[in-house]
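Colleague: Once you've had a glance at the structure underneath, I'll fire off some questions.
Any read-out appearing in this document is the output of simple, stated calculations on the displayed coordinates, not a laboratory observation. As the structure is a prediction and not an experimental result, all values here were calculated from the model. Every residue, glycine as well, gets a Cβ built from its backbone with ideal geometry; the counts of neighbours run over all protein chains shown.
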Amino acid sequence: MALDMEGMMKELRGTYASGKPKSYEWRVSQLRALLKIADHHEKEIAEALRCDLNKPDHESFVYEIASMKSSCQLALKQLKGWMKPEKVKTSLTTFPSSGEIVSEPLGVTLVISAWNFPFLLSLDPVIGAIAAGNAVVLKPSEIAPATSAVLSKLLGEYMDTSAVKVVEGAVPETTALLEQKWDKIFYTGNGKVGRIVLTAAAKHLTPVVLELGGKSPVVVDKNINLKVAVRRIIGGKWGCNNGQACVSPDYLITTKDNASQLVDALKSELEAFYGKDPLKSEDLSRIVNSNHFNRLKNLLDDEKVSGKIVHGGQRDKTNLKIAPTIMLDVPGDSLVMNEEIFGPLLPILTVYKVEDSIDLINAREKPLAAYLFTNDKRLKEQFIRNVSAGGLVVNDTILHLAEHSLPFGGVGESGMGAYHGKFSFDAFSHKKAVLQRSFAGDVPARYPPYTSGKLKFLKALLNGDLVGLIRALIGW
Amino acid sequence: MNYLLSWIFQADLPVAAFPSRAELVPEPLGVILVISCWNFPFGVSLEPLIGAIAAGNTVVLKPSELAPASSSVLANTIHTYLDNKAIKVIQGGPSIGEKLLQQKWDKIFFTGSAKVARIVMTAAAINLTPVAVELGGKCPAIVDSLSSSWDKEIATKRILAAKFGTCAGQACIAIDYILVEKKFSTTLVKLLKAYILSMFGEIPKESVGRIINKNHCSRLRKLLDEPSVKATIVHGGSYDEDALFMEPTLLVDPPLKSEIMTEEIFGPLLPIITVEKIEDSIEFIKSRPRALAIYAFTNNETLKKKLASETSSGSVIFNDAIIQYIADSLPFGGVGESGFGRYHGKFSFDMFTHEKPVARRSFLTDFWFRYPPWNDQKLQIFKSAYRFNYFEIILIILGLKKS
């Protein structure tokens, strides 16, 4: 069915212009409707996720449904506060005056979602768009078609479709959407398509948030609780969509004398989590499709890493499964170290001194996240100060996403802009400055005809020079 | 009971993340490109430069070639006084601009026209470089029927200073046109004429800034030359293209479809549009692209509230104009067609900063229900945790509640 793009944009602009999405009541009603969807259709959503990704129910609940609900509940709880204008102090130069910053919606916005957390990554930005009072079109990823269909159906039923729409489809539909004029575009995905989105946005000077990815490194120091560290690494990697997440630990760096301990600990915990035959475990998501399966297979079959696999490597093409695989000391120019893995392969690089890991990381593009496991205070501070990434976590992985007071976003190749919590509201808002001046207290020195006396006065005023001000006033 | 437990477990963070500490660390983006414009060549070059430096970046400034003397002074002084290895000025025209845009920057800050902004943003997209664009638009000034003569005098002076006294109207935040009630319009025009005389004298050529170049001069002349527009001139209208001079000109109700009312004027021509009721000016503004600033001279609090809440613009200023530029506690920037990104004061620092979240965890507590193999009990614990129902969690752990 051909989509009437022009008609859709007209409708959305009309709804927005009517002022309806701007009202607090409308925003609350829509956020409540989203909560109802998550509450009443949990099973349907989990089923769609299992269909698209073979995602275990536990992951569907924790990482998708509960996260989305938590986001929604936070918005409902704090929306009044977020919507309140922020008063600012004004200085002597504009005295007497009062100023405030008013948050207002941007207008009609577009959210393009990804396939790996198709429920959360669709609705989390939509929550921000709605909370900020915008009309929004959601384009879920076609690579997770069951979830896309469920989203289209449920949002169509529960939401105000004159302002909140779902457009399903693939490249042609996305291209058609990108040709329209939006007031903001929010994209989650990879750098290649991110560039396409940004180029399309440039035609209309549309501001954009890009949530991309990168190779998120994990530095593992000695003298730590290795068991806990390893469980957290496994939980963040294979326990989170089987490594197919933008903040997945991509590769590890540790010192040469720590490597074998680390590998042993990983092997032992992996077996505890997934059993002796992980290809049979129900607790691992599958690889999303054969394209990605083949891509990962090529990374494994790269002759540069053939002797380096120390654990795993098994694959099941029919069921699109690859076992948790660890590679030790892979060369820096191997395929697996030259692209974001986004899968269950974990290379480990070794260095002589743990501090060298910082240079290794900084030699690459800025990732979305960087992780460090250590008890060494100095190393912590060095890492925090010198490693630039979207976000950093010390002694855990991925958990910073759950902290709503922290902005979630990238820098450099890993993206631009941020969201989560109030940052979502801000991402979809225009912060309008409102300055109130009085007719009283006028400074005649401002107006032509300009004289040197007026100039002296203004210089003194703008420099905050009280003595100079008095001198200028009395004509000295 | 839940409240107590939730306080202990820092309820805003899921229990699985306890205990932890989080902070935001500002860090520089890296290497910045600032592309400046010709109308305020110092201000608009140095203000972003200050922000970029304060945030710890290295910067390249490309001043506008249309203001060559300022460009030259900037280059000389910056290279003399600042660290050359980190802060550079590159002078030149479009071809230099093009070469600069082919490099990989960590942020680009552009002030200028929408047409060039599109070129900048398209070039930036190749490297996923974030940009901020400060554009312009038609900034309207609503003038209410003021009763006190003091108010009338101050309003008039401020309007004239914000138009003819600010680079002859060649400013992104200059008042582009006025909206006034029909019944007050004659009074307003009289006031404007009187104060143009007292502020700019008999020979405005000597007191009003000149037009930047012949191109813009002839552009402005063409705006006036339309017969249906020319007929509405009530003051001024003369020009001297060789001297790059345009007289401060007032027009009353030029046709709304004429170029002078559809394009950003950027010059000393001031159309005055009359409306039946002053509230109609809000609809007038709403039906047009969003401007960098909306001004309103009024004492009517209801009108002020309505204007601020029903229109959208970079900023809104009551009873003055241009002055928001020096109010550093307020963000300066546009929305929609007037641009995106904001600066001035701390906003300049923030514009060139990456706010990096850092979360720290302890090894001390590790919750087994975070990890596979998954089972119903673990799922139940998580569900209770997400409902912040910690009591329930304890029951499940103690085996007193079945999942």
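Colleague: Explain nothing, just the number: relative contact order of chain A, from Cα pairs under 8 Å at least 6 residues apart, as a whole percent.
Modeller: Details: 899 pairs, mean separation 83.7, N = 476.
Computed value for chain A: 18 percent relative contact order.
Colleague: Can you give the angle from 0 to 90° between the axis of helix A:145-158 and the longest principal axis of chain A, with both taken from C-alpha atoms, to the nearest 10?
Modeller: Result, in degrees: 40.
Colleague: Same structure, new question: Charges on Cβ only, +1 for Lys and Arg, -1 for Asp and Glu, centred on the Cα centroid of chain A; of A:430, A:14, A:412, which one is farthest towards the dipole's positive end?
Modeller: Positive-end residue among those listed: A:430.
Colleague: Here's a follow-up. Sum -39500 (n - 2.57) across every DSSP H segment of at least 4 residues in the protein assembly as shown, then divide by the residue count to get the 222 nm mean residue ellipticity, nearest 500.
Modeller: Working: 31 runs with 339 residues, N = 879.
Helices in the protein assembly as shown give a 222 nm mean residue ellipticity of -11500 deg cm²/dmol.
Colleague: Using only Cα atoms, tell me the angle between helix B:182-200 and the longest principal axis of chain B; keep it within 0 to 90° and round to the nearest 10.
Modeller: 80 degrees
Colleague: Compute the relative contact order of chain B as a whole-number percentage, counting only Cα pairs closer than 8 Å that sit 6 or more residues apart in sequence. Intermediate results must be reported in sequence, preceding the final value.
Modeller: Working: 727 pairs, mean separation 83.2, N = 403.
Result for chain B is 21 percent.
Colleague: Same structure, new question: Residue by residue through A:62-68, how many Cβ atoms from other chains fall within 10 Å of the Cβ on average? Numbers along the way, then the final one.
Modeller: Details: counts 11, 0, 0, 2, 6, 2, 0.
That average works out to 3.
Colleague: Hey, with R₀ at 22 Å, roughly what FRET efficiency would residue B:276 and residue B:147 work out to, going by the Cβ-Cβ distance, to 0.05? Kindly include the intermediate steps, with their values, before the conclusion.
Modeller: On the way: r = 19 Å, r/R0 = 0.88.
Working from the Cβ atoms, E equals 0.70.
Colleague: Working from Cα positions, state the angle (0 to 90°, nearest 10) between the long axis of helix A:377-386 and the longest principal axis of chain A.
Modeller: Roughly 60 degrees between the two axes.
Colleague: Then there is this: Of all DSSP beta bridges located in the protein assembly as shown, what percent are antiparallel, nearest 5? Don't skip to the answer; put the middle values down first.
Modeller: Working: 36 of 114 bridges.
Roughly 30 percent of the beta bridges in the protein assembly as shown run antiparallel, per DSSP.
Colleague: Would you calculate the separation in nanometres between label points at residue A:466 and residue B:305, each defined as 7 Å from the Cα along the Cα-to-beta-carbon direction?
Modeller: Rounded to a tenth, the inter-label distance reads 3.8 nm.
Colleague: Treat the count of other C-beta atoms within 10 Å as a stand-in for reagent exposure and order A:471, A:231, A:27 from fewest to most.
Modeller: On the way: A:471 14, A:231 22, A:27 26.
In increasing order of surrounding Cβ atoms, one gets A:471, A:231, A:27.
Colleague: Per residue of A:390-397, what is the mean number of Cβ atoms on other protein chains within 10 angstrom of that residue's Cβ?
Modeller: Values: counts 3, 8, 7, 7, 7, 7, 9, 1.
Counting Cβ atoms of other protein chains within 10 Å of each residue's Cβ and averaging gives 6.
Colleague: Can you spot the lysines whose alpha carbon is less than 17 Å from residue A:192's alpha carbon? Ignore those fewer than 8 places along the same chain.
Modeller: The reachable lysines, counting only those whose Cα sits under 17 Å from residue A:192, are A:215, A:366, B:104.
Colleague: List the relative contact order of region A:1-116 as a percent without decimals, with contacts defined as Cα pairs under 8 Å and 6+ residues apart. Mind dumping the intermediate values first?
Modeller: Details: 56 pairs, mean separation 28.2, N = 116.
This gives 24 percent for region A:1-116.
Colleague: Could you please state, rounded to a whole Å, how far the C-alpha centre of region A:205-239 is from the C-alpha centre of region B:42-77?
Modeller: Between the Cα centres of region A:205-239 and region B:42-77 lies a distance of 39 Å.
Colleague: How far, in nm, would the chain grow between residue A:29 and residue A:80 when pulled straight, counting 0.36 nm per residue and subtracting the alpha carbon separation? Please report the intermediate quantities before stating the final value.
Modeller: On the way: separation 51, 0.36 × 51 = 18.36 nm, distance 1.36 nm.
Computed gain between residue A:29 and residue A:80 is 17.0 nm.
Colleague: Inside 10 Å of the C-beta atoms of A:200-210, what's the mean count of C-beta atoms belonging to other chains? All intermediate terms of the calculation are to be shown ahead of the outcome.
Modeller: On the way: counts 2, 3, 11, 3, 5, 14, 3, 10, 5, 1, 2.
Neighbouring Cβ atoms belonging to other protein chains average 5 per residue here.
Colleague: Starting from the 7 Å offset along Cα-to-Cβ, what nm value, one decimal, do you get for the label separation of residue A:17 and residue B:262?
Modeller: It is 1.7 nm.
Colleague: On to the next question. Using the beta-carbon distance between residue A:6 and residue A:452 and R0 = 51 Å, what value does 1/(1 + (r/R0)^6) give for FRET efficiency, to the nearest 0.05? If you can, show how the numbers build up before the last one.
Modeller: Details: r = 60 Å, r/R0 = 1.18.
Once rounded, the FRET efficiency stands at 0.25.
Colleague: For residue B:253 and residue B:207 in one chain, what is 0.36 nm times their gap in residues minus the Cα-Cα distance, to one decimal in nm?
Modeller: Numbers: separation 46, 0.36 × 46 = 16.56 nm, distance 2.69 nm.
That works out to 13.9 nm of additional length.
Colleague: Follow-up question, since we're still on this one. Describe numerically, in nm with one decimal, the distance between label points set 7 Å from Cα along Cα→Cβ at residue A:272 and at residue B:365.
Modeller: For residue A:272 paired with residue B:365, the spin-label model returns 1.9 nm.
Colleague: Still on this structure, I have one more. So the label point goes 7 Å from the Cα of residue B:182 along Cα→C-beta, right? Which residues of region B:283-306 then have their backbone N under 19 Å from it?
Modeller: B:283-285
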